[in-house]
Amino acid sequence: MDETSDEQAAVRIAGAVREWDLGATCLAALAVVTDGAAGGDLAATARAVMAAAGLGDVLADPPRMPFSAEQVHGMAASPLLQATALVSGSHADWSAHSDETLIAQGRASASAATLFTTFVLPHFAGFADRLARPGARMLDVGTGVGALAIGYAQAFPQLHVTGLDVMPRVLRLAQAQIEASPVAERVEVRQADVAELADEAAYDLAWIPAPFIPQPAFSNGVARIAAALRPGGMLMIGHGIYEGTELENAIARFKTVGYGGTPLDGESAARLLAAHGLTAIRRIQLPPGAPGLTVGLR
């Protein structure tokens, strides 16, 4: 490589790192702004970053916020903490992540109930009424620290949510989160592999996130979940989005491998739902940054 090409390579690498650092720093500033304990000069400069990034007015006006401050903090902190695990070599197993990382991921996932009510329910007339009936039940696969389960129970006051996970330490964190919530009587967690789920016609709604579930457990689990749905019940599959730019698609695959999960796109999710007898299959368009979502009814 001659001197000119050396200079060009240095400029390209340094420029890319600078651009990506700006994004990471914006996430860090967002986490600081939404951290109730942050104050002083750090909080003030973080608010200035948010103002310059175009979010200052939304963050300063709580009624305009579609998510809680805790949820936004998780949405900002989770990718940073997970990236730290990737570069430190401790990404192979979710059980190797710190409690802080797991809780941040949970807080981010708690926004799922808001996305469900805003973007999914309008496509399925009467389904909100179904979840509002006494005895309504939901299955949350890969529940982690239970934040998504808690979020759904808060959004639907009659809904009982069962969370499954295979990691005992994560479930201990989940139990603590549940006991501290106002919906503790309607949320339970179990240590169980979804591939061995034996429930039959027990749930009105179920969620399984492919990027977080290893392939064998995911494939077998979808079959078991379909059997566990009540007639007319809904199965939601979270999956990657591989319809963007080359970089966006590569990042989606990289993160899925980092999570130890199952690479899956919307078309494959729809075929999987159909193969297990689900109907009214629909791909749901969620806001940028959210996972892909394909749903079907039993």
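Does segment 8-15 contain at least one residue that is of a type outside the set (Ser, Thr, Tyr), in contact (Cβ under 8 Å) with a residue 24 or more places away in the chain and part of a helix (DSSP H, G or I)? Break it down into steps so the answer makes sense when it comes.
Of the residues in segment 8-15, the ones of a type outside the set (Ser, Thr, Tyr) are 8-15.
Checking which are in contact (Cβ under 8 Å) with a residue 24 or more places away in the chain leaves us with none.
No, segment 8-15 contains no residue that is of a type outside the set (Ser, Thr, Tyr), in contact (Cβ under 8 Å) with a residue 24 or more places away in the chain and part of a helix (DSSP H, G or I).
Just name the residue that is surrounded by the most Cβ atoms within 10 Å (Cβ to Cβ) out of those in segment 159-174 that are touching a helix residue (DSSP H, G or I) at 6+ places or on another chain (Cβ under 7 Å) and over 19 Å from Gln105 (Cβ atoms).
Going residue by residue through segment 159-174, those that are touching a helix residue (DSSP H, G or I) at 6+ places or on another chain (Cβ under 7 Å) are 159-161, 163-165, 167, 169-170, 173.
Then drop every residue that is not over 19 Å from Gln105 (Cβ atoms), which leaves 159-160.
Numbers: Leu159: 25, His160: 20.
Checking each candidate, the answer is Leu159.
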(message) With the structure loaded, tell me whether Ala250 is in contact (Cβ under 8 Å) with a residue 24 or more places away in the chain, of a type outside the set (Ser, Thr, Tyr) and part of a helix (DSSP H, G or I) or whether it fails that test.
(response) no
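Looking at the structure I just gave you, is Glu70 acidic (Asp, Glu) and touching a residue at least 12 places away in the same chain (Cβ under 8 Å)? Before the answer, list the steps.
Working: acidic (Asp, Glu): yes; touching a residue at least 12 places away in the same chain (Cβ under 8 Å): yes.
Answer is yes for this residue.
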(message) Between Ala104, Ala85, Ala155, which is more than 30 Å from Pro231 (Cβ to Cβ) and surrounded by fewer than 20 Cβ atoms within 10 Å (Cβ to Cβ)?
(response) Ala85
(request) Check whether at least one residue in segment 158-166 is under 13 Å from the mean Cα position of the chain (by Cα) and in the same structural domain as Ala198 (by TED's automatic domain parsing), and report yes or no. (result) no
(message) Report every pair of residues separated by at least 6 positions or lying on different chains whose Cβ atoms are under 6 Å apart, first residue within segment 109-133 and assigned by TED's automatic domain parsing to the domain that holds Ala153 and closer than 28 Å to Glu70 by Cβ, second among the polar types (S, T, N, Q) and surrounded by fewer than 15 Cβ atoms within 10 Å (Cβ to Cβ).
(response) Ala132/Gln158
(request) Those residues that are among the β-branched types (Val, Ile, Thr), in a helix (DSSP H, G or I) and within 25 Å of the chain's Cα centre (by Cα), I need them from segment 16-42; list them, please. (result) Thr25, Val32, Val33
(request) Counting only residues that are among the polar types (S, T, N, Q) and either under 16 Å from Ala31 (Cβ atoms) or touching a Leu at 6+ places or on another chain (Cβ under 8 Å) (or both), give me the helices (runs of 4 or more DSSP H) lying completely in segment 43-147 with at least 1 of them. (result) 69-88, 99-109
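Residue check: is Thr256 of a type in the set (Val, Ile, Thr), assigned by TED's automatic domain parsing to the domain that holds Leu197, touching a residue at least 40 places away in the same chain (Cβ under 8 Å) and touching a Phe, Trp or Tyr at 6+ places or on another chain (Cβ under 7 Å)? Steps first, answer last, please.
Working: of a type in the set (Val, Ile, Thr): yes; assigned by TED's automatic domain parsing to the domain that holds Leu197: yes; touching a residue at least 40 places away in the same chain (Cβ under 8 Å): yes; touching a Phe, Trp or Tyr at 6+ places or on another chain (Cβ under 7 Å): no.
Considered against the rule, which asks whether it is of a type in the set (Val, Ile, Thr), assigned by TED's automatic domain parsing to the domain that holds Leu197, touching a residue at least 40 places away in the same chain (Cβ under 8 Å) and touching a Phe, Trp or Tyr at 6+ places or on another chain (Cβ under 7 Å), Thr256 comes out as no.
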(request) From Ile241, Ile225, grab the single residue that is among the β-branched types (Val, Ile, Thr), in contact with a helix residue (DSSP H, G or I) (Cβ under 8 Å, 6 or more places away or on another chain), in contact (Cβ under 8 Å) with a residue 40 or more places away in the chain and closer than 19 Å to Gly163 by Cα. (result) Ile225
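Please find, within segment 180-204, the residue that is nearest to Ala132 (Cα to Cα) out of those that are free of Cβ contacts under 8 Å to residues at least 60 places away in the same chain and crowded, with 19+ Cβ neighbours inside 10 Å. Explain how you work it out, then say what you get.
Just the residues of segment 180-204 that are free of Cβ contacts under 8 Å to residues at least 60 places away in the same chain, to begin with: 180-198, 200-201.
With crowded, with 19+ Cβ neighbours inside 10 Å added as a condition, the list becomes 183, 186-187, 189, 194, 197.
On the way: Val183: 15, Arg186: 13, Val187: 16, Val189: 21, Val194: 26, Leu197: 25 Å.
Restricting to residues being free of Cβ contacts under 8 Å to residues at least 60 places away in the same chain and crowded, with 19+ Cβ neighbours inside 10 Å, the top hit is Arg186.
The values are calculated or read from the model by the stated rules, or taken from the named source; none is laboratory data. On a predicted model such as this, the values are computed, not experimentally measured, just so you know. With ideal geometry, Cβ positions are generated from the backbone for all residues, glycine too; neighbour counts draw on all protein chains shown.
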